[in-house]
Each structure stands twice: as C-alpha cells, then as structure tokens.
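S.K.: There's a structure below that I have some questions on.
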Amino acid sequence: MRFKFPLWRKITRQNFQPIFELGFRSNLIKYLLPHTPGSHRRFSGVSDQIHHFRGREDPNLGPRPRNHGVHHPQVDGRTRVSNSVADSDESIDVLRDDQSAVYVQNVLKFRRDKPVEEIERALNLCGLVLTDDFVLNVLGRHRSDWKPAFIFFNWVSKGGGEDEYSPGSVIYNEILDILGKFRRFDEVDEVFVEMSQRKELINEGTYSVLLNRYAAAHKVEEAIGIFHKRQELGLEMNLVAFQSLLMWLCRYKHVEVAETLLHSKKHEFHPDIKTRNIVLNGWCILGNVHEAKRFWREIIESKCEPDIYTYGTLINSLTKKGKLGTALKLFRAMWGRGLKPDVVICNCIIDALCFKKRIPEALEIFSEMNERGCVPNVATYNTLIKHLCKIRRMEKVNELLDEMEKGKESCWPNSVTFSYLVGSSREPEEVTVLLQRMERSGCKMTIDTYNLVLRLYMDWDIQERVKSTWNEMEQMGLGPDRRSYTIMIHGLYEKGRKEDGLRYFREMTLKGMMLEPRTEKLVNGMKSNCKKGKPKEDNKGE
C-alpha cells in the first residue's frame, strides 16, 4: 500500500505504535487541557521555516541527555512532534534531544491559567524521567515567563517524574534567577528558605544570583544582608565574596554605597587594586567622570599601583564621554610607563575613533595591533564592521568577514557580527542570505538576533516571515521576551492594527512583563482610541 503523503510512506509496522500513541496523547492534551488564547494566536502553527537553523547539534556542547518518558516518533533521524500539541495543521521539527522539553513546554503553555493541581496532573501523565539537564532545559524555555517555570519547579521539587529525583543546586539557582528577574521576591524567599533547610544546596552560584537580582531591583540592604549571612549559610567570608558584592552594587549604579563599604571594610578586607578597579569602573558606568577622576587620584595617592585594567577603565569612560583627546593621551602614556595596552583598550580606542568618523585612523591602529603583539579578537572586527556598515562600505566589511572566517577561533564571527550585518540589510533577500551564512559558520541564533529579524520583517510588513520568525523563536526556547512584544506592539500600531497590538500587550502582561515607558504611553493611546471607535462601529451597524 502506498500512502499519499511522503511522511506516511515512511511509517512501518515497527514505528506505527509510537506514532499512534503520540497522536493520541497529543490530542488528549489538546482537548482535555485547553490552552489560553495568545496574542499571536493566528501565528500558533509553525509555518515553513525560512531560516533553517535547526538540524545540527553544536559539537562543542556535546549531546544532551535524552528523556525516554515521552514517546515520540522519529523520521530520518529527526523528531516529529505531532501538530495537535501545538494546535497547528503542520508538524513541528525539533531536535531529538529536546523533544520531551518541547512537549512539557506545550503542556505548560496551553494550561497556563488553569489551577496548579490540573497542571500537575497533566505533568504526571507525561511519564517523565527527570535529570538536572532536562529540568534546566524546560526552565530555560520559560526564562521570559516565570509562572509556568515556578509551577514546573514546584512539581519537580515535590517528587514529580517516574523515578526518585531530587533537584540539585543548579536547578534551585536557575529558578531563583528567573523569579528574581521578574522581582517575585516572595517566591524567591520561599525557594531560598527551602534551600537553607538543605545547606548543601547553597553555593557560590546561589550567592551570585541573589546579589545580582537584589541589586538589580535596588534592594541594597538585602544584597548586603546576603553578604553578611555567608558564614551562616556555610560559605567562606573572603575578599572574593566582598569584591562580588561591590561589583553587583556598582553594576546597578549603587556606586556611592559600594565606595562607602570599601572604606568601612578596609581593615577587614585590605583593598587591593582589583577591588579599587571595581569602584572606579562603577563611577565610569554611572557616567560620572568627575568622581572617576577623583577616585583615580585616590588610587595614585594610595600604595596601590594602577594596572592595565585601571587605565582601561578610565580610557573607556573618557571615550564614552567624548573626551577622545584625553583618552588618546592616556593611551600613549601607557607605553611610556611600560604598560602595553591590551586588545580591550585598543578596541575602545578604535570604537571611539570610528564614532568620531575617524575611520582611517581606526584602521591604522587595527593594522598596528599585530605589529605591537596585540592580536585582534572578534570584538575588534565587530567594532569595525558595525561602523563600516553604517557608511555602507560593504566591500571592506566583506573583506573583514572573510578574514574572520579564515582566522583563529578567537576571531570567528559570532551573533553580534551577524546582527550588525543583518541590521544593515535593505531587502528581505539579504537577510535570508546572511542567516544562511550564519548557519554555515556554525553560529547560533540568539534572542537579540531573532528580535532584530522580527523588527525588520515588521518594518517591511512581511507578515508570513514575521509569523515564521516568532514561531521559530518560541520553538527554540529563546523567547519571546519583552523586546519581542515591544516590537510587535509598535509595529502593529504603525500598520494601523491596534486590536492586534493590544492582544500582544495582554499576553505580555499575563507573563508578568513590564512595559517600557514609551510603550505604556502607546498602549494607553491605543486603548482610548479603541474605546472611542466602538460606538462608531455600532452606529454604522444600525
């Protein structure tokens, strides 16, 4: 017997049973576990892929652990997940190692607003064999949506799955990071208390995650409190931990607090040049050159000798403030003091020269780097490519790109390289060619690259490619994030599709994402316009 469709022709007596079982189970989830309508409801089916990024595993990462709890048919070494799971008229291609994670992702997605008990019953039906890597895979697919991530984590921590499994530190640290990202600190406290009851779970990774998320939320007292509790938590109180605290405080602009701590703890933790560099960098991040110069003088007056990072930090700050002349003087002074500028400092000077439209001088420093024993890295090339793309010197861009692909591994093109190239595209065909070249280079897509492609297709109003990009991004577990929704809301508004834009807004807020101020103004205007428009439509109907 010959089936009409090519996929069916490959079905044998041996693989018919797992295919039937998957189809039955998928429909069970679809009809017994109804999903929540999404703002991109019309995009829910994954259409023909236009980028073709899947199908190859990264050899550097090694094979991911396989989960045999859910049966999925395989065709030609690939996994075909039944379309009924995704509520589509097509099948979804996924990497074999991710098949169970995608399955769980869909179970959580389609029951997002259902009671927790129902979701846990659905997860119990999946028959999953849990490992740390598999749980991390599922959680990683929900970094932009804390609620299903937390429900899944709680199910796991309560003994979900076929075998006895107890999540390790890496799982707890991941859920702390996700919850902290959305500032769900009541839930963070709940998880941390659970970890404290098993002290072996708390490690340096836990400490770093908590410092990062507390400092990002401007909970300075809580961040300092975690530092003071280190011994109580079984962690050593040392200079590295103190430097980590200062780093996160400075990262989120609490530099004055960090400098006060530096001076108050100087007898307990003797501040070396690395510690002082952290605070100097904090003032530079804040953009306060006056305070940065003051702290620089304080370093000079102390017994600490400025190192290459001290110079690099101040040079970076000066270039960002447009003080290129002073930065160049400091750059040349390094040679006089016997300090050889490293690639980071050279990149900073090159970027500043390019920004000032002094590209020939930047190319001159680039060519001199090898002569001075400073080997360019991928950031050096990316800096030049970024500015050359802006002035459409594409011949030189292609020359540099070829040089990168033929050079050492440290210079191979990365997602940033291709983002600059894709961002300079003027036609959809150019995007396709560049993404194919990106795949050939072995460079993986990131959420930033997807968002860039999404914005371009929205600007060009190519809705089929918008749908395909959105679905592929979601399927690969990379998004959508706040930026993705912002692009869709603004793009749809500009196209006059305000109702569609508001649907994306509603889905975004359901996931706990905060609107950017400009988007909030836009959404408020869209709401008021839609309210005014409804009576007019009713009158027309009469």
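The values are calculated or read from the model by the stated rules, or taken from the named source; none is laboratory data. Keep in mind that this is a model prediction, so the values were computed, not measured. Quick reminder, even Gly has a Cβ in these numbers, built from the backbone with ideal geometry, and neighbours come from all protein chains shown. Note: accessible area is taken over every heavy atom of the protein model, side chains too, but ligands, DNA and RNA are not part of it. Shrake-Rupley method; radii C 1.70, N 1.55, O 1.52, S 1.80 Å.
S.K.: Sum up the charges of everything whose Cβ sits under 13 Å from the Cβ of Val240, counting Lys and Arg as +1 and Asp and Glu as -1, but leave Val240 out.
M.R.: Numbers: positive: Arg230, Lys274; negative: Glu204, Glu236, Asp272.
After counting each charged neighbour, the total is -1.
S.K.: Shifting gears a bit: Just add up the charged neighbours of Leu139: K/R +1, D/E -1, any other residue whose Cβ is under 10 Å from the Cβ of Leu139. Let's see the in-between values first.
M.R.: Numbers: positive: Arg141, Arg143; negative: Glu174, Asp177.
So the surrounding residues net to 0.
S.K.: For the pairs Lys356/Lys408; Lys320/Lys390; Lys323/Lys357, flag any whose C-alpha to C-alpha distance is greater than 24 Å.
M.R.: Working: Lys356/Lys408 30 Å; Lys320/Lys390 19 Å; Lys323/Lys357 15 Å.
Pairs exceeding 24 Å: Lys356/Lys408.
S.K.: Take the solvent-accessible surface of the protein heavy atoms, probe 1.4 Å, and return the percent of it on region 297-439 that carbon and sulfur atoms account for.
M.R.: On the way: 3860 of 7500 Å².
C and S fraction of accessible area: 51 percent.
S.K.: Over the Cα atoms of region 110-229, what is the Rg over Rh ratio if Rh follows Kirkwood?
M.R.: On the way: Rg = 14.6 Å, Rh = 14.9 Å.
Rounded to two decimals, Rg/Rh equals 0.98.
S.K.: List the trypsin sites (Lys or Arg not before Pro) within region 390-453 that fall in a DSSP loop (any state other than H, G, I, E or B) and whose Cβ has at most 16 other Cβ atoms within 10 Å. Intermediate results must be reported in sequence, preceding the final value.
M.R.: Values: sites: Lys390, Arg392, Arg393, Lys396, Lys406, Lys408, Arg426, Arg437, Arg440, Lys444; in loops: Arg392, Arg393, Lys408, Arg426, Lys444.
Passing both the DSSP loop test and the Cβ count: Arg392, Arg393, Lys408, Arg426, Lys444.
S.K.: Still on this model: Only Lys, Arg, Asp and Glu count, each charged at its Cβ (+1, +1, -1, -1), so figure out the dipole size of region 481-523 about its Cα centre, rounded to 20 debye. Walk me through the numbers before you get to the answer.
M.R.: Numbers: 10 positive and 7 negative charges, 5 e Å.
The calculated dipole for region 481-523 is roughly 20 debye.
S.K.: Sticking with this structure for a sec: Could you do me a favour and compute the accessible area per residue for region 202-246, 1.4 Å probe, result in Å²? Show your work: numbers first, answer last.
M.R.: Working: 1880 Å² over 45 residues.
Heavy-atom accessible area per residue stands at 42 Å².
S.K.: Report the label-to-label distance for Arg392 and Met237 in nanometres (one decimal), using points 7 Å from each Cα along the Cα→Cβ vector.
M.R.: 6.4 nm
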